[in-house]
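The values are calculated or read from the model by the stated rules, or taken from the named source; none is laboratory data. Only a predicted model underlies this, so the values are computations on that prediction, with no experimental measurement involved. Glycine gets a Cβ as well: all are built from the backbone with ideal geometry, and neighbour counts include every protein chain shown.
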Amino acid sequence: MSNSKTIAVDGMGGDEGPSAIVPGLAIALERQPDLKFLLFGDEKQIDPILEQHPKLKAATIVRHTDIAISMDEKPSAALRRGRHGASMWLAIQAVKSGEASVIVSAGNSGALMVMAKIVLRSMPGVPRPAMAAIWPTTRGQSIVLDVGANIGAVATHLLGFAVMGEAMARSVFGLKRPTVGLLNVGVEEAKGLEEVKEAARLIRESNLPIEYGGFVEGTDIGKGTVDVVVTEGFTGNIALKTAEGTANQFGAFLKQALSSTLMSKLGYFFARAAFQAVREKLDPNNNNGAVLLGLNGIVVKSHGGANAQGFASAVSLASHMAGNRLIERIAGDIEKMQLLQKEEK
């Protein structure tokens, strides 16, 4: 099995486990028939579902393990058990060994980050890995990082996030010179924490394929003001969860309003195509997949509650990034950043 199109999959992660993951792989394979899968998990649960998808079965090697990391398990405990052959640990190991080009898991976020950092290690020159999410905007899509891998960050960490984010934007969106902004309490240069203002200076002077867009506010994320929004993990995670909650709230309000009167029901009938387009835009399953950047391997975290369609989206994202040399792009830009810092000294 060639590793260039091979994806390692934690078959036991997420709320639904194999019942969502295996059909998701079948959808991904329909989209990209040249994909291959290394699927780690309990054969007793996986095989009956896999039998329902003959094409997927032919493209998949199942490696049995009955050790699975639960969604509520503490990362320290998960790490201890994971070393004994948990599905998540083995899937990450497949990337390290070169058997697979990327790993996808819908499992415990904290456990995935800890295991990935230990197994794959940080790339040379990367101060800290960061979790990046693709965010739907009124202009299309943007990348936001960090959304939870780190709590707090100094200026050099934020610069590293900017470098990794712009490399991902070039890889995923095909942009030659992505716009990058720093999330702040205001767009004025005098506002914000000192580390954020220092990061702004470092980005401006980085001489990288970046078009610095200055400070951006929370409202700019949904507008798509810049291609890459850089922040630290505490703020980024709150922004992500707030956006998900707001989308769900909007959907509930809209459903209530459209079913309240006969006229509103008639209005929905005539405008249902438009409402469907909005629903698809806001559906997290269509934008599923956060990426742990800065490691010697590509790690994609699917939402734990993703359905088969959502897991397929995460797999497609993983395959796209592997095919567009994400690791090489990050390594090249980190090297440029290091050369600039040496010249300053």
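Rundown of residues vs (1) modelled with pLDDT of 90 or more; (2) assigned to a helix (DSSP H, G or I), yes/no style:
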| residue | (1), (2) |
| --- | --- |
| Leu208 | no, no |
| Phe215 | yes, no |
| Gly222 | no, yes |
| Lys241 | no, yes |
| Thr246 | no, yes |
| Phe250 | no, yes |
| Phe253 | no, yes |
| Ala257 | no, yes |
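Of the residues making up segment 148-195, those that are at pLDDT 90 or above, in contact with a strand residue (DSSP E or B) (Cβ under 7 Å, 6 or more places away or on another chain) and either in a loop (DSSP other than H, G, I, E, B) or of a type in the set (Val, Ile, Thr) (or both) are Pro178, Thr179, Val180, Asn184. Please determine whether any residue of segment 117-130 is free of Cβ contacts under 8 Å to residues at least 40 places away in the same chain and either under 18 Å from the mean Cα position of the chain (by Cα) or under 16 Å from Ser70 (Cβ atoms) (or both). No, segment 117-130 contains no residue that is free of Cβ contacts under 8 Å to residues at least 40 places away in the same chain and either under 18 Å from the mean Cα position of the chain (by Cα) or under 16 Å from Ser70 (Cβ atoms) (or both).
In segment 137-148, is there at least one residue being under 18 Å from the mean Cα position of the chain (by Cα), outside the structural domain of Glu16 (by TED's automatic domain parsing) and among the charged types (D, E, K, R)? There is at least one residue in segment 137-148 that is under 18 Å from the mean Cα position of the chain (by Cα), outside the structural domain of Glu16 (by TED's automatic domain parsing) and among the charged types (D, E, K, R). Only a single criterion out of (1) surrounded by 16 or more Cβ atoms within 10 Å (Cβ to Cβ); (2) more than 12 Å from Pro18 (Cβ to Cβ); (3) small (Gly, Ala, Ser); (4) without any contact (Cβ under 8 Å) to a residue 60 or more places away in the chain is not satisfied by Gly41, namely (2). Looking only at residues of segment 39-96 that are among the polar types (S, T, N, Q) and part of a helix (DSSP H, G or I), we find that the one that is farthest from the chain's Cα centre (by Cα) is Gln45. Being in contact with a Lys or Arg (Cβ under 9 Å, 6 or more places away or on another chain), more than 17 Å from Glu211 (Cβ to Cβ) and not assigned by TED's automatic domain parsing to the domain that holds Lys36 is a condition met by no residue of segment 101-114. Considered as a group, the residues in segment 60-85 that are closer than 21 Å to Ala100 by Cα and of a type in the set (S, T, N, Q) include one that is surrounded by the fewest Cβ atoms within 10 Å (Cβ to Cβ), and that residue is Thr65.
Cβ-Cβ contacts under 7 Å between residues 6 or more apart (or on different chains), taken from a first residue in segment 23-35 that is within 17 Å of Ala322 (Cα to Cα) to a second residue that is outside any helix (DSSP H, G or I) and among the small types (Gly, Ala, Ser), are listed as Leu29/Ala59; Leu35/Ala59. When the test is whether a residue is under 17 Å from Lys301 (Cα atoms) and outside the structural domain of His303 (by TED's automatic domain parsing), Ile92 does not pass it.
When you go through Thr225, Thr179, Thr219 one by one, which is the residue that is among the polar types (S, T, N, Q) and exposed (fewer than 13 other Cβ atoms within 10 Å of the Cβ)? I'd like the intermediate steps shown before the answer.
Values: Thr225 fails: exposed (fewer than 13 other Cβ atoms within 10 Å of the Cβ); Thr179 fails: exposed (fewer than 13 other Cβ atoms within 10 Å of the Cβ).
Unique residue meeting the criteria: Thr219.
Here is the figure for segment 44-59: residues that are surrounded by 16 or more Cβ atoms within 10 Å (Cβ to Cβ) and either aliphatic (A, V, I, L, M) or closer than 10 Å to Gly11 by Cβ (or both) total 6.
For segment 149-169, which residues satisfy the criterion of being surrounded by fewer than 23 Cβ atoms within 10 Å (Cβ to Cβ) and within 17 Å of the chain's Cα centre (by Cα)? Scanning segment 149-169 gives a single hit, Asn150.
When each of Ala312, Ala318, Ala306 is tested for being of a type in the set (A, V, I, L, M), modelled with pLDDT of 70 or more and outside any helix (DSSP H, G or I), the lone residue that passes is Ala306.
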